[in-house]
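Beneath this line is the structure, given in structure tokens, with notes to follow.
The values are calculated or read from the model by the stated rules, or taken from the named source; none is laboratory data. If you're wondering where the values come from, they're calculated on a predicted model, not measured in any experiment. All Cβ positions, even for glycine, are placed from backbone atoms using ideal geometry, and neighbour counts span all protein chains on display.
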Amino acid sequence: MGGCLSSEEEYYYSSDQELLSVWDNEDSGLFLASSREPKTKVITKELLQLAQREDLQRVMDLLLVKEHHARTLLIHYRWDVEKLFAVFVEKGEDSLFAAAGVSIAEHQQGNSVLSPSTTMTCDICVEDHLPGDQMTRMDCGHCFCKNCWTEHFIVKIKEGQSKRIRCMAPKCNAICDEDVVRSLVGKSRPDLAEKFDRFLLESYIEDNRMVKWCPSTPHCGNAIRVEDDGLCEVECSCGCQFCFSCLSEAHSPCSCLMWEQWRKKIREESETVNWIAVNTKPCPKCHLPLEKNGGCVLVTCRCGQSFCWLCGGSTGREHSWYTIAGHSCSQDQEAREKQTERTKRNLYCYMPYHNGYRVHTDSFKRESELKETILKKVSISEERDFSWVTNGLDRLLRSRRVLSCLYPFAFYMFKNAQFKNEMMPREREIKQHLFEDQQQQLEGSVEKLSKLLEEPFEQYTEDKVLDIRIKVINLSVTVDTLCKKMYECIENELLGSLQVGVHNIAPYKSKGIERASDFYTSGDSSYQPSDCGTSDSSSPSSWGSRNSLYPRIG
């Protein structure tokens, strides 16, 4: 606000600051933290290799292995460094390497150098070759000619198995050295060598449960990495907000399974389709749906075909009010009527939740457009501080999305048969009343906030703007509190008492869906792939010294 503040303005201004300080402090005692907030990073295409090398270097430093060994281990353990270290501590080096197909025979036996003095026979093509020029030995000790290795590598890359190409020797599970693969394939098929490198690089995302591509359309090219294994919703730097678990749009407090079923239900069981199924019958001749608006049991289609409304069978035209000459309904008419009634009941049960969901999704779209309009208006005002407006709009849109997702959650929680074996009828009724009471409180506060923000406050006097401002801030804090309580109710009172591990939900955050920050590494950005430990690790004593590194784990 410009100029000096009056005593009344000072009161409102200090009240604003107190409320906003509580609003912005998620760690305050006002709100109960449902889980530790995960940190997320945006990895661009340019930084993907650097992000991968960060994990590679950790494994190379701990285990004193070459880069291709570290990559093989990480791909086997889906790039979970902590799990890899835990297996190393619990089961030891030999078990760790054997499970991943890593062989260190070259260090233990010293037989990686081939003598050029005598010829060797390749067991694959059964031809004699000079060892130095035409034969290649892998870490596992198996040696074949370069032509056979090359053909083996080409086949595996074409089959899409290039991330873990195993040795050709029978019953050998060792993974081939990626440098050898790259060198041999690059001489005859540089396109496949490039494809091989791309597969290795993208393995960091494709095989990593902590890193996923942003699902934006068109694809922005970014990946998101989380530093916590918890369920979360994140926002990419491109603006796409999504659930990290299922990669669909942010949908809490619905679980991923509920949201998947709801979206499928909306696609396959729209209001129109259900209405047609319940209120019409297909003509047995032209198959067009017909609606009966009264009258007797005989219906005549515009194609000229007459049929019985009760069973749908074709008939003649002679009839009375209840019967048709020469026609009797089939014996499964009772089953047909039961099915129709069942469809009607399901439709009447589903429609209130579908309509509530649509109301709030439509309001969300309308208020998103309103936000753009309001921001344009307040941006040209230099004399007044309208930060409370933008904060209120953000809170409104956040809570509106939560409200829209509460309807599919309530449908599957209380009206669908999903939890019929988990709750007794009386228990279900009590929980439904508790849920609906909190839902109504949240809806009422959100609608009040929406109405206030639609006011043309940029045209009002200073006193009226002050009054609206304090109301908006109060309602924003109230809405946030109610959202927190709703999530706690769902997590603790509803889902928490059920034996349903698949229905975990992402926690609510007062500051909104977490925006992923730019990736950076504390390591040297100029790091280049190297044969870590080649000179020192060749001796058995140096490999045994790994035990001294145990305290560094974790």
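Overview of values
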| item | result |
| --- | --- |
| For Lys158: the one exception among (1) buried (at least 16 other Cβ atoms within 10 Å of the Cβ); (2) closer than 21 Å to Glu206 by Cβ; (3) out of contact with any Phe, Trp or Tyr (no Cβ under 9 Å at 6 or more places or on another chain) | (1) |
| Answer from Glu82, Glu26 - the residue that is assigned to a loop (DSSP other than H, G, I, E, B) and either of a type outside the set (Val, Ile, Thr) or modelled with pLDDT of 90 or more (or both) | Glu26 |
| Complete set of residues in segment 164-207 that are surrounded by fewer than 21 Cβ atoms within 10 Å (Cβ to Cβ) and under 24 Å from the mean Cα position of the chain (by Cα) | Arg198, Phe199, Leu200, Leu201, Glu202, Ser203, Ile205, Glu206, Asp207 |
| Matching residues in segment 213-244 - criterion: being farther than 20 Å from Val502 by Cα, assigned to a strand (DSSP E or B) and among the charged types (D, E, K, R) | Arg225, Glu235 |
| The lone exception for Pro218 - which of (1) over 15 Å from the mean Cα position of the chain (by Cα); (2) at pLDDT 90 or above; (3) not charged (D, E, K, R) it fails | (2) |
| Some residue of segment 254-269 being in a loop (DSSP other than H, G, I, E, B) and modelled with pLDDT of 90 or more | yes |
| Residues (in contact with a Leu (Cβ under 9 Å, 6 or more places away or on another chain) and surrounded by fewer than 16 Cβ atoms within 10 Å (Cβ to Cβ)) located in segment 368-414 | Ser368, Leu375, Ser387, Thr390 |
| Subset tally (residues that are polar (S, T, N, Q) and either touching a strand residue (DSSP E or B) at 6+ places or on another chain (Cβ under 9 Å) or assigned to a loop (DSSP other than H, G, I, E, B) (or both)) for segment 383-412 | 0 |
| Test for Cys148: is it in the same structural domain as Lys66 (by TED's automatic domain parsing), modelled with pLDDT under 90 and not β-branched (Val, Ile, Thr) | no |
| Segment 441-493 - residue that is assigned to a helix (DSSP H, G or I) and aromatic (Phe, Trp, Tyr) and, of those, nearest to Glu369 (Cα to Cα) | Phe457 |
| Residue in segment 425-433 that is in contact with a Phe, Trp or Tyr (Cβ under 8 Å, 6 or more places away or on another chain) and either among the aliphatic types (A, V, I, L, M) or at pLDDT 90 or above (or both) present | yes |
| Test result for Ile165, without any contact (Cβ under 8 Å) to a residue 24 or more places away in the chain and touching a Phe, Trp or Tyr at 6+ places or on another chain (Cβ under 7 Å) | yes |
| Subset tally (residues that are crowded, with 19+ Cβ neighbours inside 10 Å and assigned to a loop (DSSP other than H, G, I, E, B)) for segment 125-141 | 3 |
| Trp149, sole failed condition from (1) in contact with a strand residue (DSSP E or B) (Cβ under 8 Å, 6 or more places away or on another chain); (2) in a helix (DSSP H, G or I); (3) over 18 Å from Asp191 (Cα atoms) | (3) |
| Residues within segment 109-127 that are farther than 23 Å from Arg189 by Cα and at pLDDT 85 or above, tallied | 5 |
| Where a residue in segment 508-533 is more than 30 Å from Cys254 (Cα to Cα) and its partner, wherever it lies, is modelled with pLDDT under 50 and assigned to a loop (DSSP other than H, G, I, E, B), with Cβ under 9 Å and at least six apart | Thr521/Tyr527 |
| Residue list for segment 61-107, filter: more than 24 Å from Lys212 (Cα to Cα), among the acidic types (Asp, Glu) and in contact (Cβ under 8 Å) with a residue 24 or more places away in the chain | Asp61, Glu93, Glu106 |
| Unmet criterion (only one of (1) at pLDDT 90 or above; (2) over 30 Å from the mean Cα position of the chain (by Cα); (3) not in a helix (DSSP H, G or I)) for His69 | (3) |
| Scope segment 312-349; condition at pLDDT 75 or above and within 30 Å of Ile266 (Cα to Cα); matching residues | Cys349 |
| Matching residues in segment 40-54 - criterion: being in contact (Cβ under 8 Å) with a residue 40 or more places away in the chain and charged (D, E, K, R) | Lys41, Lys45, Arg53, Glu54 |
| Selected residue (criterion: nearest to Leu452 (Cα to Cα)) from residues of segment 363-397 that are β-branched (Val, Ile, Thr) and modelled with pLDDT of 75 or more | Val389 |
